1. Can you tell me which of A:490, A:482, A:468, A:504 is at pLDDT 95 or above, under 21 Å from residue A:361 (Cα atoms) and over 22 Å from the mean Cα position of the chain (by Cα)?
2. Within segment A:295-311, can you find the residues that are under 31 Å from the mean Cα position of the chain (by Cα) and either closer than 13 Å to residue A:594 by Cβ or not in a helix (DSSP H, G or I) (or both)?
3. Take residue A:587 and tell me if it is farther than 30 Å from residue A:444 by Cα, surrounded by 23 or more Cβ atoms within 10 Å (Cβ to Cβ) and either in contact with a helix residue (DSSP H, G or I) (Cβ under 7 Å, 6 or more places away or on another chain) or at pLDDT 95 or above (or both).
4. For segment A:208-237, what are the residues that are closer than 24 Å to residue A:42 by Cβ, in a loop (DSSP other than H, G, I, E, B) and more than 9 Å from chain B (Cβ to nearest Cβ)?
5. Could you count how many residues in segment B:1-18 are in a loop (DSSP other than H, G, I, E, B) and either modelled with pLDDT of 90 or more or at the interface with chain A (Cβ under 7 Å from one of its Cβ atoms) (or both)?
6. Would you pick out the residues in segment B:138-155 that are free of Cβ contacts under 8 Å to residues at least 60 places away in the same chain and within 10 Å of another protein chain (Cβ to nearest Cβ)?
7. Considering segment A:643-663 alone, what residues qualify as being buried (at least 19 other Cβ atoms within 10 Å of the Cβ) and in a loop (DSSP other than H, G, I, E, B)?
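The values are calculated or read from the model by the stated rules, or taken from the named source; none is laboratory data. Owing to the predicted nature of the structure, the values given are computational and were not obtained by experimental measurement. Heads up, the Cβs are rebuilt from the backbone with ideal geometry, glycines too, and the neighbour counts pull from every protein chain shown.
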């Protein structure tokens with residue numbers, strides 16, 4: 001039983017999160033020894049940045065204006081990212097669980113303990129009773145290695161990653177519609193578009209650098225349509241804002257397409273020559289009149305018509321979406337209905353015209369490509385396809401029958417742990433206690449594990465439950481590649497070595513493999529050798545990196561896949577000439593009737609509850625809740641509530657409110673703002689414990705992609721106390737550090 | 001002192017601001033600032049919207065802050081950059097804080113010194129952009145040639161402001177709707193948002209600095225029916 005042996009305060013005292021306000025060596029350290037050109041570790045834009053290094057510590061940053069994507073621009077996370085290095089909370093040695101917390105241990109001891117536990121669990125309960133959870137903030141090299149380690153060393157089917165919580169519904173939809181999962185266009189196409197739809201993307205807070213791309217389009221006369229239940233900073237200046245009711249996205253897209261068809265704004269030639277199945281869609285959307293769609297979506301009929309009038313006849317256009325339409329039990333369906341809007345116009349695969357999902361995690365794109373998913377092998381291959389299995393088994397040098405079959409996805413793994421079917425877990429770069437819906441069930445599951453090991457640079461809230469914590473590495477302590485949200489593979493350089501007795505992640509995994517008797521498959525001298533193997537494993541696959549080398553990536557400031565041969569320049573724009581990646585070269589329309597979310601409002605829980613991010617925090621906050629300046633910027637979660645609703649509930653700004661769902665409750669200050677639908681409340685999700693927005697969310701899964709429904713469930717809100725005399729939280733406190 | 005079209009100038013466009021605070025955080029990271037940011041960023045009025053305004057020093061040609069300083073602590077350099085109060089002279093009286101028409105200077109109470117944006121002297125003097133304008137992800141802060149702005153932006157750059165009878169010309173340009181040549185400000189136009197009468201003693205009680213005026217987009221606020229009170233010389 002892996003229950004906590006100490007109160008939370010004790011773990012916080014020893015392992016943080018401690019907000020760090022001072023760089024290594026203080027503010028007067030003088031000139032750095034070197035400037036390392038690398039990338040920010042937060043979000044899928046992967047801004048270029050130069051880290052200042054002195055005495056093997058990252059002491060500051062300097063903008064890298066030559067890197068073409070961000071040209072020196074950064075968001076506050078990027079500016080302050082260096083403060084995670086030389087951090088007081090940093091794990092500098094492995095830890096083992098004791099009856100009163102943790103004690104540090106040597107590598108031999110923790111390795112021996114971990115390997116013995118893996119073997120014991122698997123002997124007693126079968127290979128698949130030991131699961132592996134990876135992450136999409138890690139390099140391509142590690143994503144590849146995780147998959148190979150689980151299949152060859154652990155021989156478990158149950159490997160998945162936290163990208164399952166991110167954009168897998170978009171990935172599934174992209175494969176269904178286009179035959180490949182990647183943004184169709186480089187971001188440099190955005191400023192060339194004349195109409196842009198931003199559906200469910202709080203772009204200015206989650207991918208701040210892309211704001212400039214949107215506004216360069218606007219400078220050139222583009223019209224911007226924003227679809228969101230909240231007026232986010234990018235929504236503020238939209239030409240057309242559609243305040244969609246949570247959980248109604250597919251109906252809205254069907255409604256817009258209805259008007260486009262009625263007015264003749266479809267490209268029938270493109271549809272006939274390059275797509276399948278439009279007739280079903282044409283038939284389906286007949287009933288989605290603006291009035292019918294208004295009833296479902298809460299978006300005025302005239303705004304639906306206005307959206308069609310802008311989008312339909314546009315000369316060029318880009319449609320971008322993110323978690324807002326993806327985090328649903330019909331996430332895949334939502335994305336496919338929006339893709340219909342793109343395919344119907346034929347405006348894809350062209351300069352300034354196309355489509356993309358904006359991937360959220362640092363390596364959200366690359367992390368989902370190289371085989372750390374439950375159903376995927378390197379090169380984007382399918383673990384269920386005999387010829388794909390054969391190729392990879394041969395490449396790895398194992399008999400095909402030994403290659404495990406498809407296993408469970410991330411949330412299903414947590415469910416299986418809760419049911420007692422999975423007994424052991426190794427996780428890296430994943431904090432499910434904060435990031436998976438229905439946190440209390442996640443906690444109960446963790447408590448049931450017979451053995452739990454974590455590889456992490458910091459002790460996350462989840463890692464407190466571990467039996468063994470293997471002190472791993474931060475992004476700047478390793479090297480490798482990541483693939484950005486536009487499909488550009490970029491190079492990360494190591495700035496420093498891991499402190500103390502901590503180790504680079506991939507070396508930890510390789511040693512575990514060796515001790516599990518599979519060392520000959522994991523014999524790498526450096527990350528570069530893993531990359532070379534990864535590129536060769538991808539050869540001929542849907543996701544082909546085989547023409548890439550570190551040198552080529554560096555010389556070109558990144559290379560877009562597919563890049564199938566050494567002389568291939570890479571592919572910034574997909575689908576040129578209407579050539580899609582299905583076997584017959586055509587794209588597919590999908591006709592999906594709107595269906596309601598898994599949990600809708602009712603008399604007991606009359607309000608919509610939705611979650612998201614703030615600009616100063618990244619994901620579960622394992623890194624960013626330790627950076628003082630970012631903590632001060634938005635110290636604790638606030639519940640956004642419209643004044644109209646607030647007045648009905650007797651709530652004033654900064655009053656303390658309790659938000660309750662069928663799964664839990666959270667007590668936070670109210671932020672009374674007109675920027676949210678009056679039937680919806682919003683709480684950002686970066687905090688743990690009693691401040692975890694995911695105490696309330698619904699772990700209902702999309703049947704296709706198994707993404708959970710973070711973006712809609714039902715709740716009720718009540719006031720529990722007056723606002724404190726002095727506000728407890730100001731989003732922008734005085735900046736004196 | 002008028003810059004040529006290809007010389008680098010500072011352009012401020014609050015309508016582009018996304019409130020991310022990258023500028024504020026980055027300011028503190030500039031070599032000589034040692035973790036202390038010299039600029040600030042405020043919501044214009046969070047209850048009604050997400051519009052924010054970054055507040056950097058406008059570097060007035062004839063700076064009011066310097067004129068009201070009883071200790072003659074605020075100096076301009078040869079390039080017209082208005083500097084933070086000289087440590088040896090500043091008496092921490094806050095006259096500058098109250099007098100600045102743009103709400104720029106802040107009193108650092110813990111060190112009894114007025115500190116403000118000096119347009120990153122240590123960077124601009126060696127040909128780099130100021131830190132805030134380098135990192136700003138949305139183009140709200142831009143440092144570069146006027147050529148670029150005129151070619152790419154729809155808004156027009158203005159550097160003349162009318163505060164009642166006082167005309168203020170600044171080194172920093174404010175981006176405004178194209179038909180405006182000078183920006184008329186009446187502070188009163190910014191005040192009735194809280195649905196209560198203006199309390200002239202509020203400042204004395206909170207000492208939080210003057211209201212920030214640096215935002216053209218607030219004219220969109222429905223409560224503000226007029227672009228100008230009509231009491232100024234712009235009419």
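1. Matching residue, one of A:490, A:482, A:468, A:504: A:504.
2. Within segment A:295-311, A:296, A:297, A:298, A:299 meet the criteria.
3. Yes: the conditions hold for residue A:587.
4. Within segment A:208-237, just A:228 meets the criteria.
5. 3
6. Across segment B:138-155, the qualifying residues are B:151, B:152, B:154.
7. Across segment A:643-663, the qualifying residues are A:651, A:654, A:655, A:661, A:663.
Each row is one residue, and each column tells you yes or no for (1) within 27 Å of residue A:379 (Cα to Cα); (2) surrounded by 24 or more Cβ atoms within 10 Å (Cβ to Cβ); (3) within 14 Å of chain B (Cβ to nearest Cβ).
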{"residue": "A:52", "(1), (2), (3)": "no, no, yes"}
{"residue": "A:65", "(1), (2), (3)": "no, no, yes"}
{"residue": "A:74", "(1), (2), (3)": "no, yes, yes"}
{"residue": "A:109", "(1), (2), (3)": "no, no, no"}
{"residue": "A:129", "(1), (2), (3)": "yes, no, no"}
{"residue": "A:144", "(1), (2), (3)": "yes, yes, no"}
{"residue": "A:150", "(1), (2), (3)": "yes, yes, no"}
